[in-house]
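Visitor: After the structure tokens below, expect a handful of questions from me.
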């Protein structure tokens, strides 16, 4: 038999032929997405480059002598297919292009294109039955002598072309969609995290603040209980662990790409195996020759399916050295077999090489296999000649491109999904940390001040002054509640002038005299980011004086260009046994949070005992963010 001519008609196989505390987390997500895209951390090409893979495969399925040239209808069929498949022209997918392809199919010789368009355009549940109709109709339309092999070859080509183009199109769409929605998904998850954190914080601290307000309304007799509630809430706030998601899962992980690709990989390989077996039987191969050829065919195709199954990027198939070696030996061995019926098997081996080997090795190896197949075919006395060799080489290239493209796009989708999920997890983790930091830094002050007011109400013998202290506690609780409800959003908007006025009042109530050095007033126009940082540092410093500076009588607040210094003369209250640091925040949450805030603005925060041995000094310097002086 002339295996070269009969094998040629099977043709293409297998288709046949951290910012500052008040920064918006939404902006964080956008910045992360842009940064990730700029750095190429997802290691993926742009959607335009990915679309080239799809174009190459579609062109490979189209441009075959005997199809395009004698059948001009294949040209508009090809253009319509590209318009339907490419992400940049997805809006053209619809009834009219599909109807045009229906009319062109009998004269184009490309029923697989119509099958792919049916899967892409027609809605469920009728798309797959219609696809089956197109595939079955391709058998009688197939060129040839009407033999079983000719009909099966037409059906197999339509099946494989349709499934592969559909899979590559869906993978290309998915890849573009995943890349485009990275920042949007991060923002959505941050929004969900904010809502959950708001509910959790309100349930815990909101209840405590409401209880404080209720107890303050009962007068001096409930002041002691108010202090207890405020102290307990303060300790809870000062611990401030990150807010955790209730479900414990940051990002839902989908398996769309493997679910889509796996059955298509199996179906296209089975198609080639069935059609190839029919070709052997139709060509008169019998007895042990049939057994040998069929075994080699099944082994090469099966190993190709094994190598092509979806896996995470960088994960190689187990025992790949053996499986690839056996596949190469069988594919190349068939070139030397009598009649050499399957040079296209080299295309499968080349695809496996591209899939499993590193790029610097894969491409030269695949090219060498193709060149070797061409040399063998040209040297054989029963070979197909120069023209037939070119066509067979085209088949080999298309086969390798199809399965390599399928594996590559599957890996890219998996990779960009992982990058997107990592971005979301990063945004959520940052938001949790920001919320925990704001809870610690912003609510600790209010609760400490409430506890102080409650203690003053308990100790003050004058009922009127005691009532005023309790009224102040209610006002502080209202402010703390407003801060609490603002934290899960963009964070409370605190100003330096308000914090300075509050510090004077609260410290004066505690018997601490405040001395402010600088200018005569605090302007509202202080730079937003540096002003918010200074306000937060001042609030934390006042909180530490109230909670950890025993016997403090004086607090000095010095302002300068890009400078805030807060010093008190109190004795350091030791922490409970087992805790580090002699002052709140010294090795704990407070100073760590403030250092992070300062570092985000290019500043430095220093804290430690005063040089003379009594008191504590907290200093923040911003080299590039001048702040108006205050007094």
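Just so you know, all these numbers are worked out from the coordinates, no wet-lab data involved. What you see is a predicted model, and the numbers here were worked out from it, not measured in a lab. With ideal geometry, Cβ positions are generated from the backbone for all residues, glycine too; neighbour counts draw on all protein chains shown.
Visitor: For a Förster distance of 22 Å, can you work out the FRET efficiency between the beta-carbons of residue 295 and residue 267, rounded to the nearest 0.05?
Guide: Working: r = 22 Å, r/R0 = 0.98.
Calculated transfer efficiency: 0.55.
Visitor: Express in whole angstrom the spacing between the alpha-carbon centres of region 105-131 and region 590-606.
Guide: Value for the Cα centre distance between the two parts: 61 Å.
Visitor: From Cα pairs below 8 angstrom and at least 6 apart in sequence, can you work out the relative contact order of region 405-542, rounded to a whole percent?
Guide: Working: 90 pairs, mean separation 35.9, N = 138.
Worked out over region 405-542, it gives 26 percent.
Visitor: How much length is gained on full extension from residue 467 to residue 600, taking 0.36 nm per residue of separation minus their Cα-Cα distance?
Guide: Numbers: separation 133, 0.36 × 133 = 47.88 nm, distance 4.27 nm.
Roughly 43.6 nm would be gained on extension.
Visitor: In µm²/s, what is D for region 272-361 at 4 °C and 1.567 mPa s, where D = kT/(6 pi eta Rh) by Stokes-Einstein and Rh is the Kirkwood radius from Cα pairs?
Guide: Numbers: Rh = 13.7 Å.
Translational D for this selection: 94 µm²/s.
Visitor: Under the definition of Cα pairs under 8 Å and six or more residues apart, what whole-number percent is the relative contact order of region 38-180? Let's see the in-between values first.
Guide: On the way: 158 pairs, mean separation 36.0, N = 143.
The normalised contact order for region 38-180 reaches 25 percent.
Visitor: Rounded to the nearest 0.05, what FRET efficiency do residue 199 and residue 515 give with R0 = 41 Å and r taken as the Cβ-Cβ distance? Could you check? Kindly include the intermediate steps, with their values, before the conclusion.
Guide: Numbers: r = 43 Å, r/R0 = 1.04.
E between residue 199 and residue 515, to the nearest 0.05, is 0.45.
Visitor: Between residue 501 and residue 79, what is 0.36 nm times their sequence separation minus the Cα-Cα distance? Round to one decimal in nm.
Guide: Numbers: separation 422, 0.36 × 422 = 151.92 nm, distance 7.20 nm.
The span from residue 501 to residue 79 would gain 144.7 nm if fully extended.
Visitor: Another question, if that's okay. What ranking of 530, 368 emerges when the number of other C-beta atoms within 10 Å of each C-beta is taken as an exposure proxy, fewest first?
Guide: Listing 530, 368 from fewest to most nearby Cβ atoms yields 368, 530.
Visitor: Jot down the per residue volume, in cubic angstrom and as a whole number, of the convex hull over the alpha-carbon atoms of region 86-178.
Guide: Details: hull volume 8.0 nm³, N = 93.
Per residue, the Cα convex hull of region 86-178 comes to 86 Å³.
Visitor: Quick one: Cα convex hull volume of region 419-519, Å³ per residue? Intermediate results must be reported in sequence, preceding the final value.
Guide: Working: hull volume 11.9 nm³, N = 101.
Per residue, the Cα convex hull of region 419-519 comes to 118 Å³.
Visitor: Something else: In whole Å, what is the distance between the alpha-carbon centres of region 211-235 and region 397-434?
Guide: 53 Å
Visitor: Separate question: With a cut-off of 8 Å between alpha carbons and a minimum separation of six or more residues, what is the relative contact order of region 118-159 in percent? Don't skip to the end; give the middle numbers.
Guide: Details: 35 pairs, mean separation 13.7, N = 42.
Reported relative contact order: 33 percent.
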